[in-house]
Amino acid sequence: MGNILVTGGAGYIGSHACKALSEAGFTPVTFDNLSHGHRACVRWGPLVLGDLLDQAAIAQAMLAFQPEAVLHFAAYAYVGESVVDPEKYYRNNVVGSLNLLSAMRKAGVDKLIFSSTCATYGIPEQMLISESHMQKPINPYGSSKLMIERILQDFDRAYQLRSACLRYFNAAGADLSAVIGESHSPETHLIPLILDVAAGTKSSITVYGDDYETPDGSCIRDYIHVSDLADAHVLALQALLNGAKSSVYNLGNGRGYSVNEVIAAAKLVTGKNIPINVGSRRAGDPACLVGDATLIKSTLGWNPRYPKLVDIIGSAWRWHQRQGGIK
């Protein structure tokens with residue numbers, strides 16, 4: 001099997017996808033500017049230092065490695081930042097993606113797996129969100145991802161560039177061997193923030209809102225192990241290589257856990273006390289986000305291997321303890 005170009009392959013989800021690609025017999029070629037990724041996470045193939053806003057750099061990478069397909073993770077992904085600086089998000093996420101697609105067309109590469117998000121749905125109108133749910137993003141980050149999805153639809157119709165858009169819910173956990181894991185700066189994700197408290201590097205965790213219409217008053221989210229996400233990318237890639245049409249899939253466990261349930265599970269896994277502060281609700285936070293992944297299960301045979309919350313948190317805790325995070 002040949003080369004697969006992985007934009008953002010030095011990042012959290014991208015690096016796990018690179019490992020899964022390697023295990024499936026592909027050679028992942030990471031294209032990353034290392035603004036948020038980590039050189040130490042590029043372990044399963046070459047690293048090309050480059051930025052998608054540099055058209056010449058991406059064209060040169062295409063020429064040098066002649067990939068069979070592209071996995072596209074490179075994007076800014078902080079929701080709050082996207083609200084205060086939307087230009088940064090539209091330029092990087094949308095213009096960068098257009099540059100990538102243009103380079104792919106010139107190089108004759110016509111298959112792409114796109115890292116999308118449940119943020120394209122906005123405020124859910126039903127408990128379990130399927131791919132047919134209306135897309136009405138409420139922040140520039142979600143809007144930028146939706147724009148790229150629509151661009152991909154147009155590129156399929158006009159240029160026969162086929163794609164699979166994978167809409168993630170909450171990626172969490174770490175590689176079971178603790179070789180790679182989650183390390184963002186700043187860190188905004190719930191589970192690593194909780195584990196910072198368990199490890200003693202933070203004094204407490206803030207629960208934003210305890211008056212939602214949920215059983216315990218805190219927000220409910222669908223957490224999916226990052227290695228399960230990576231497996232889905234490989235399955236979607238193999239389907240495209242075998243002639244599948246463009247598609248859109250949700251990636252979630254179909255089961256939601258509240259913030260308080262996540263904290264309780266972390267206490268169980270770590271054996272540590274985790275002090276809680278209750279803050280006010282954050283604007284735009286839905287009470288519940290849970291994904292229906294029936295379509296990818298029935299179409300590609302994907303099944304999460306690590307759906308249990310304690311297993312997800314356990315893998316993240318092993319990474320936290322062994323590596324301390326890559327800073």
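The values are calculated or read from the model by the stated rules, or taken from the named source; none is laboratory data. Note that the coordinates shown come from a computational prediction; the quantities given were computed from them, not determined experimentally. No Cβ is skipped: glycine too gets one built from the backbone with ideal geometry, and neighbour counts run over all protein chains shown. The accessibility values were calculated without ligands, DNA or RNA, using every heavy atom of the protein model including side chains. Shrake-Rupley method; radii C 1.70, N 1.55, O 1.52, S 1.80 Å.
Among the residues making up segment 261-300, those that are in contact with a strand residue (DSSP E or B) (Cβ under 6 Å, 6 or more places away or on another chain) and assigned to a helix (DSSP H, G or I) are Leu295, Ile296. The sole residue among Leu71, Leu112, Leu52, Leu100 that is of a type in the set (A, V, I, L, M, F, W, C) and either assigned to a helix (DSSP H, G or I) or open to solvent by 30 Å² or more (accessible area, probe 1.4 Å) (or both) is Leu100.
Of all the residues in segment 254-264, those that are open to solvent by 30 Å² or more (accessible area, probe 1.4 Å) and not charged (D, E, K, R) number 4. Kindly indicate whether Val95 is at pLDDT below 95, open to solvent by 40 Å² or more (accessible area, probe 1.4 Å) and not in a loop (DSSP other than H, G, I, E, B). No: the conditions fail for Val95. For segment 19-32, does any single residue satisfy the condition of being surrounded by fewer than 24 Cβ atoms within 10 Å (Cβ to Cβ) and assigned to a loop (DSSP other than H, G, I, E, B)? Yes. Only residues that are of a type in the set (Asp, Glu), surrounded by 13 or more Cβ atoms within 10 Å (Cβ to Cβ) and over 22 Å from Ile113 (Cα atoms) were counted in segment 156-213, giving 3. Residues that are surrounded by fewer than 23 Cβ atoms within 10 Å (Cβ to Cβ) and either in contact with a helix residue (DSSP H, G or I) (Cβ under 6 Å, 6 or more places away or on another chain) or in contact (Cβ under 8 Å) with a residue 24 or more places away in the chain (or both) within segment 83-92 comprise Val83, Pro86, Tyr90, Arg91, Asn92, listed in sequence order. Residues considered: Ala40, Ala107, Ala77, Ala61. Of these, the only one that is touching a helix residue (DSSP H, G or I) at 6+ places or on another chain (Cβ under 6 Å) and in contact (Cβ under 8 Å) with a residue 12 or more places away in the chain is Ala107. Any residue at all in segment 164-181 that's of a type in the set (Gly, Ala, Ser) and closer than 26 Å to Lys106 by Cα? Within segment 164-181, one or more residues are of a type in the set (Gly, Ala, Ser) and closer than 26 Å to Lys106 by Cα. For first residues located in segment 112-132 and more than 13 Å from Val79 (Cβ to Cβ), partners that are charged (D, E, K, R) and buried (at least 23 other Cβ atoms within 10 Å of the Cβ) and lie 6+ apart or on another chain with Cβ distances below 7 Å form the pairs Ser116/Lys145; Ser116/Arg167.
A single member of Asn253, Asn303 is assigned to a loop (DSSP other than H, G, I, E, B) and out of contact with any strand residue (DSSP E or B) (no Cβ under 9 Å at 6 or more places or on another chain), and it is Asn303.
Taken residue by residue, segment 74-82 has at least one member that is modelled with pLDDT under 95, within 22 Å of Ala171 (Cα to Cα), crowded, with 21+ Cβ neighbours inside 10 Å and not hydrophobic (A, V, I, L, M, F, W, C). Restricting the search to segment 271-291, which residues are closer than 25 Å to Glu81 by Cβ and either of a type in the set (Val, Ile, Thr) or open to solvent by 50 Å² or more (accessible area, probe 1.4 Å) (or both)? Correct list: Asn277, Val278, Ser280, Arg281, Arg282, Ala283.
For segment 178-195, a residue qualifies if it is among the acidic types (Asp, Glu) and in contact (Cβ under 8 Å) with a residue 60 or more places away in the chain, and exactly one does: Glu182. Would you confirm, using the coordinates I've provided, whether Leu268 is surrounded by fewer than 21 Cβ atoms within 10 Å (Cβ to Cβ) and either modelled with pLDDT of 95 or more or closer than 30 Å to Tyr159 by Cα (or both)? In short, yes.
Only one of Leu235, Leu240, Leu309 is buried (at least 16 other Cβ atoms within 10 Å of the Cβ) and touching a Leu at 6+ places or on another chain (Cβ under 6 Å). Can you tell me which? After applying the criteria, what remains is Leu235.
With respect to the conditions (1) out of contact with any strand residue (DSSP E or B) (no Cβ under 9 Å at 6 or more places or on another chain); (2) at pLDDT below 95, Pro124 lacks only one, and its number is (1). Restricting to segment 206-242, name every residue that is closer than 13 Å to Glu261 by Cβ and among the hydrophobic types (A, V, I, L, M, F, W, C). Listed by number, the residues that qualify are Val207, Cys219, Ile220. For segment 175-191, a residue qualifies if it is more than 21 Å from Tyr208 (Cβ to Cβ) and under 14 Å from the mean Cα position of the chain (by Cα), and the qualifying residues are Gly181, Ser183.
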